[in-house]
Amino acid sequence: MAWALVSPSLNLSLPHTTKTNFNRTQWFTTKTSIAARTTSIRANAADQKQPKDKDEDTTSGFSPFAFVTDNPSSREAIQLPESPAEDGNVGEMLYRIEDKGKEYGSYIKSGEFIWFVRETGSAESQRGTIVFLHGAPTQSYSYRVVMSEMSDYGFHCFAPDWIGFGFSDKPQPGYGFDYTEKEFHEEFDKLLDVLGVKSPFFLVVQGFLVGSFGLTWALKNPSKILKLAILNSPLTVSSPIPGLFQKLSYVLKLEKADVYRLPYLSSGGPGFALLEAARKVNFRDILSQIAEGFASGRWDKPILLVWGISDKYLPQSIAEEFQEGNPTAIKLKLIEGAGHMPQEDWPEKVIEALRVYF
């Protein structure tokens with residue numbers, strides 16, 4: 001399941017931007033090298049990772065914050081020791097984590113801004129195009145496993161980092177981008193044109209804030225949507241809104257959380273895009289738009305809800321309430337052992353659900 005760069009037919013390379021240039025041989029060599037390096041880490045941690053009784057305390061050692069369970073994805077994930085210094089130079093360890101966040105993506109000029117876009121499959125894929133949209137404060141990295149597998153099933157997949165997030169441009173407010181819903185929609189339209197995404201396409205959305213903007217974009221562009229899949233996202237006015245979304249550590253295991261945090265640490269201020277967008281959005285108004293816009297009589301395209309039931313922010317009742325608003329169009333798939341980001345916690349089950357649905 002090799003990752004693909006942006007299709008050569010698009011000819012989107014930029015003279016002054018960095019672009020990943022992995023060929024298939026390099027990809028497998030790199031993968032083998034990483035696997036060899038992490039074998040010793042797993043071996044050293046093996047004694048701490050033996051199965052425990054349900055009643056036994058699981059907070060010691062490498063804790064997944066009571067989120068990630070013993071599923072195939074978690075067992076195969078690269079595990080880092082709690083103290084990176086125990087496995088080598090701290091700077092090298094952090095650099096290796098940051099590199100993981102940039103793998104198999106390209107910088108794409110669209111309008112006045114440069115987006116970081118991950119892509120798998122090709123324009124010749126037989127089953128159509130899937131666009132994956134992340135929420136705040138994360139990035140498209142969360143979809144890497146799902147995208148890779150879905151391209152193996154014949155789909156062409158794109159996952160951009162929203163402007164202000166991940167590795168895409170982070171313009172200062174007042175300099176061409178003010179982090180409003182309208183501007184996010186406008187820039188997303190431009191990106192779809194540059195990528196050559198033909199309508200209708202499949203859309204997958206997850207998460208808070210910019211994830212919600214992905215859903216309101218769909219409401220304004222129903223003719224461009226073939227089918228919609230929603231992973232854990234606020235969907236009704238009763239959806240809890242965490243105070244600035246709490247800390248990322250409560251959602252992801254430590255090593256993955258660092259991948260999401262590092263781009264913010266180098267952007268001139270931790271999460272300023274998140275702060276700007278959150279300051280300018282009326283959450284209740286957005287949630288009302290979503291609940292009413294996807295209700296019976298107003299939306300008739302198929303919707304699949306893929307819901308991690310261990311979500312500490314959004315309970316299962318939110319998904320059920322949303323489904324009750326349009327039971328004919330909305331199908332609910334619950335995933336045990338997954339939390340707020342099921343595409344990270346248990347991507348295999350997300351892939352299975354999407355493959356059957358799409």
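The values are calculated or read from the model by the stated rules, or taken from the named source; none is laboratory data. Since the model is a prediction, treat every value here as computed from it, not as a measurement. Backbone-built Cβ (ideal geometry, glycine too); neighbour counts: all protein chains shown. With ligands, DNA and RNA removed, areas are computed over all heavy atoms of the protein, side chains included. Shrake-Rupley method; radii C 1.70, N 1.55, O 1.52, S 1.80 Å.
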Which residue is farthest from residue 339 (Cα to Cα), if the candidates are limited to region 302-329 and must be more than 23 Å from the chain's Cα centre (by Cα) and assigned to a loop (DSSP other than H, G, I, E, B)?
328
Going residue by residue through region 230-238, is there one that turns out to be touching a residue at least 12 places away in the same chain (Cβ under 8 Å), more than 13 Å from the chain's Cα centre (by Cα) and outside any loop (DSSP other than H, G, I, E, B)?
no
With the first residue restricted to region 166-192 and required to be within 16 Å of residue 135 (Cβ to Cβ), and the second required to be in a loop (DSSP other than H, G, I, E, B) and among the small types (Gly, Ala, Ser), Cβ contacts under 8 Å at 6 or more apart or on different chains are 179/164
Among (1) open to solvent by less than 50 Å² (accessible area, probe 1.4 Å); (2) modelled with pLDDT under 95; (3) over 21 Å from residue 143 (Cβ atoms), the one test that residue 311 misses
(3)
Over region 169-185, the set of residues exposed (fewer than 14 other Cβ atoms within 10 Å of the Cβ) and in a helix (DSSP H, G or I) is 182
In region 110-121, how many residues are open to solvent by 10 Å² or more (accessible area, probe 1.4 Å) and either touching a helix residue (DSSP H, G or I) at 6+ places or on another chain (Cβ under 6 Å) or farther than 17 Å from residue 191 by Cα (or both)?
2
So, of the residues in region 203-237 that are open to solvent by 10 Å² or more (accessible area, probe 1.4 Å) and in contact with a strand residue (DSSP E or B) (Cβ under 6 Å, 6 or more places away or on another chain), which turns out to be nearest to residue 124 (Cα to Cα)?
226
Residue 80, sole failed condition from (1) modelled with pLDDT under 65; (2) open to solvent by 10 Å² or more (accessible area, probe 1.4 Å); (3) under 25 Å from residue 335 (Cα atoms)
(3)
